[in-house]
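Please treat every number below as a calculation from the coordinates, not as lab data. All values reported here derive from a predicted model rather than from experimental measurement. With ideal geometry, Cβ positions are generated from the backbone for all residues, glycine too; neighbour counts draw on all protein chains shown.
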Amino acid sequence: MAEYTIDVVESAPFAQMAYVLWRPGRSDAIVVDPGFDSRTILDLLQNDGKTLAAILNTHGHVDHIAGNAALKEAHPDAPLIIGRGDASMLTDAASNLSMPFGEPILSPPADRLVDEGDRLDLAGFSMLVREVPGHSPGSVVYVLDAEDPPIVLGGDVLFAGSIGRTDFGRDSAADLERLMSGIVAKLLPLPDEARVYPGHGGVTSIGSERRTNPFIRDYLARTRPTGA
């Protein structure tokens, strides 16, 4: 299996994690969820001599898209990619949650919209798009299923010991149900050793969350058929 590097850039004020992925020997890289610290991301690319193959957004909240404009300005040929259900949030300060903080932040529009089951091949990485709404209407995760172990670029879907917030929409109970059902159906079938790189906090694994995450344990206990 080919080697790879994942650089992590944490941005204030939300302790949001952006990721820069690249393979040794290649001149291109992928950036996932560029947050407020776009300068550090651009410096990483420049210092490593990398061109930007693509900007991937897991969802449209401001802390995950704040750096889109700066990266597109520096690398205009790099496509900006987001799930179809969150595309409108890029250019809507109310729905991307920047308006309530008094500093509306907009992103360039997406160059490509992705849907459940789409396959992306970028900078030497192959990844499967899985839709897991609930935290946002069109949140997606990117599963690098050809890696050993697999890599999950998860955004704000699944955290170490927790899950993404579901109180941004009009029906938090329904959003919680959508989020949990998506996690169970689309992430838990992955191998225990699959590594989850979340939008906040430290790296975890599917196996660790299956065993210890209280939200997953409670959901499975509630939905498991009687006698199973």
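Worth a mention:
- For the chain, the longest principal axis of the alpha carbon atoms and the long axis of helix 38-47 meet at an angle near 60°.
- If you take all other residues with their beta carbon under 11 Å from the beta carbon of Arg165, and give Lys and Arg +1 and Asp and Glu -1, the sum is -3.
- In the chain, the calculated helix contribution to ellipticity at 222 nm averages -6000 deg cm²/dmol per residue, counting -39,500 (n - 2.57) for every DSSP H run with n ≥ 4.
- Rounded to 5, the percent of DSSP beta bridges in the chain classed as antiparallel: 65 percent
- Fluctuation leader among Gly202, Gly161, Gly35 - the chain, Gaussian network, Cα springs under 10 angstrom: Gly202
- Angle between the chain longest axis and helix 214-223 axis [Cα atoms, degrees, rounded to 10]: 50 degrees
- Taking all pairs of distinct alpha-carbon atoms in the stretch 74-114, Kirkwood radius in angstrom: 10.9 Å
- Listed residues Gly83, Gly155, Gly207, most fluctuating in the chain (Gaussian network, C-alpha, under 10 Å): Gly207
- For the stretch 163-179 versus the stretch 199-226, the spacing of their alpha-carbon centroids is 16 Å.
- Counting Lys and Arg as +1 and Asp and Glu as -1 over every other residue whose Cβ lies under 10 Å from the Cβ of Leu128, the net charge comes to 0.
- Cα long-axis angle, helix 172-182 against the chain (0 to 90 degrees, to the nearest 10): 80 degrees
- Take each peptide in 14-27, 54-67, count the other Cβ atoms within 10 Å of every residue, and average; sorted highest first, the result is 54-67, 14-27.
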